[in-house]
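The block underneath contains the structure these notes are about, expressed in structure tokens.
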Amino acid sequence: MYTHNINNRIVRIDIFLIDLLCLCLTSLLAYQHGGFAVDKFELAELSGLLMVMALSNALSAMLLSSYADFQFRGYYLEFSALFKQNLPVFALGIIYLFSLGRIVSFPWLGGFLWAVFYLSVDYLCRILWKRSVYVKRAYASPRSLLIVTDQASLGEVEENIGRLGVYPFRICGFCIMDAPSPVVEFHGHSVVCEIDDLTDYVCHSWVDDVLVVSQNQDAFFRNILTELSEAGVTIHTVVFKPREMLSQKHFVETLGGFDVMTSCMNEARISDVVLKRAVDILGALVGCFVTLILTLILGPLIKLKSPGPIFFKQKRVGRNGKIFNLYKFRSMYPDAEERKKEFLAANRVSDGLMFKMDFDPRIIGNEILPDGTEKTGIGNFIRVTSLDEFPQFFNVLKGDMSLVGTRPPTLDEWEKYAPHHRARLAIKPGITGMWQVSGRSKITDFEEVVALDTKYINEWSIGMDIRILLKTIVVLFRRDGAM
């Protein structure tokens with residue numbers, strides 16, 4: 001009987017407990033022997049600080065995925081992951097001290113020495129735990145593993161064989177399917193049999209597991225695997241990815257009665273999806289409150305310069321082609337959509353997949369004076385400062401959009417999309433995104449926009465969303481163009 005590998009889940013829980021234990025123990029030691037008590041830093045205050053740091057440590061580890069691939073990381077990468085995970089922990093600790101009024105009286109030298117001590121102890125414990133777990137796993141009742149492959153797949157085997165060391169396997173040899181095989185030894189292990197002798201060798205040599213790394217699985221070979229399976233041998237068959245889909249995420253699952261390999265741009269855990277939606281709702285509530293205040297200020301100004309509605313509603317295309325109404329503060333004259341055809345020649349995006357003009361006379365207050373001077377007004381102001389985007393927080397609250405995502409196209413832009421363009425709407429559209437913080441309106445090549453959006457989808461994480469939100473704030477204060 002084969003037990004499924006759940007190493008990642010176990011390791012994540014173990015390392016979290018190690019982090020928590022190191023945080024508590026080093027803090028207590030620092031309190032008793034580091035001068036904290038002398039400065040009247042009360043134990044109750046320390047307990048509160050520890051609670052804040054412990055919670056932020058767990059949140060930081062989840063957002064940054066700092067426990068992922070723990071078993072494969074070297075010394076430098078392990079310390080780098082530990083340091084990045086704890087930066088926001090220390091930052092929140094300082095904010096907590098500020099809230100207590102302890103920012104001046106806190107013993108900062110002792111606090112710095114504690115931080116160094118904590119990181120050193122935690123790093124050492126992680127390394128020792130990693131070595132003890134995987135060394136023990138490697139030598140305690142290992143399962144004998146025979147690798148069956150062919151000449152064409154030897155490169156992939158060589159590339160990945162080192163990772164087998166973290167699993168409870170002992171490689172007992174190789175079977176090269178090509179007959180006759182010129183290889184007699186590979187990676188320090190002998191070629192123990194040919195394909196015709198595979199069943200006899202496995203059954204008489206007490207092989208526990210067979211790993212198959214080969215794309216050439218003809219009927220004869222499938223019969224051999226059936227015989228091995230009937231003999232009680234556990235068989236692991238590598239699922240090969242098509243070359244044109246190497247950038248995709250792949251996983252095997254059951255769909256109905258079929259065992260299938262699922263390919264997608266990225267895969268999100270349920271916890272990540274729930275957390276992203278929670279951040280969206282929290283941000284949307286704050287944004288909606290600000291929008292109401294802005295309405296009281298901008299509404300009369302818009303009405304004064306251009307009679308008509310304060311808000312602009314437009315059909316946009318959302319995730320997987322869903323049509324929804326996107327809301328903005330109106331920054332253009334009411335007939336802007338009808339006049340758009342007049343200015344198509346001035347579009348800076350030549351393929352028409354987006355519409356950008358250097359000076360758009362459809363914007364409220366924009367006009368060219370008799371001497372050729374370009375005069376701007378309230379419409380240009382709210383676009384440059386991105387204040388027109390604030391009503392989209394209502395779209396986020398409704399669930400049509402997210403705080404971070406890809407910008408939703410208009411219906412006419414969507415109709416011009418090629419298949420690879422549509423990939424950018426595999427997720428919910430967002431108020432801000434990778435494109436906005438990488439140049440915003442200065443980027444006029446739509447293929448570059450698609451590349452940035454695709455990069456965001458392929459590499460998405462909650463941590464990336466947080467970084468984009470922070471960068472968006474910086475970009476807005478620079479006032480370098482509207483979203």
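The values are calculated or read from the model by the stated rules, or taken from the named source; none is laboratory data. It should be emphasised that the depicted structure is a prediction, and the values quoted were computed from it without experimental measurement. Cβ: placed from backbone, ideal geometry, glycine included. Neighbour counts: every protein chain shown. The area values use the complete protein model at the heavy-atom level, side chains included, leaving out ligands, DNA and RNA. Shrake-Rupley method; radii C 1.70, N 1.55, O 1.52, S 1.80 Å.
Extension gain, H204 to E78: 0.36 nm times the residue separation minus the Cα-Cα distance gives 41.1 nm. For the stretch 191-197, 3J(HN,Hα) computed residue by residue from phi via the Karplus equation (6.51, -1.76, 1.60; θ = phi - 60°) reads 7, 8, 6, 9, 4, 5, 9 Hz, glycine and proline entered as x. Placing R0 at 45 angstrom, the Cβ-Cβ distance between E337 and N266 gives a FRET efficiency of 0.80 after rounding to 0.05.
Taking amide H as placed 1.01 Å from N in the peptide plane, the amide H of S144 sits under 5 Å from that of R170, D208, D209, each at least 5 places away or on another chain. Pull up the cross-link candidates among the aspartates and glutamates for K398, meaning alpha carbon to alpha carbon under 20 Å and not fewer than 8 places away within one chain. Of all the aspartates and glutamates, those that pass the test against K398 - Cα under 20 Å, at least 8 places apart if same chain - are D272, D280, D388, E389, D465. Across the stretch 425-434, coupling constants 3J(HN,Hα) worked out from phi with the 6.51/-1.76/1.60 Karplus curve, θ = phi - 60°, read 10, 6, 10, 5, x, x, 5, 10, x, 4 Hz, and Gly and Pro carry x. Taking H as built 1.01 Å from N, whose amide H comes closer than 5 Å to the amide H of M265, not counting residues under 5 places away? Residues meeting the amide H criterion: K249. Distant-in-sequence amide contacts of Q314, defined by a placed amide H-H separation under 5 Å and a gap of 5 or more residues or a different chain, comprise L326. Take V116, project a point 7 Å from its Cα along the Cβ direction, then tell me which residues of the stretch 60-102 have their backbone nitrogen under 17 Å from it. Residues 83 qualify, since their backbone N sits under 17 Å from the label point. Residues R339, R422, ordered by accessible area of protein heavy atoms at a 1.4 angstrom probe radius and largest first, appear as R422, R339.
Set the Förster distance to 56 Å, then compute FRET efficiency between A451 and L21 from the Cβ-Cβ distance, nearest 0.05. Display every interim value, and only then the final one.
Working: r = 44 Å, r/R0 = 0.79.
The value I calculate is 0.80.
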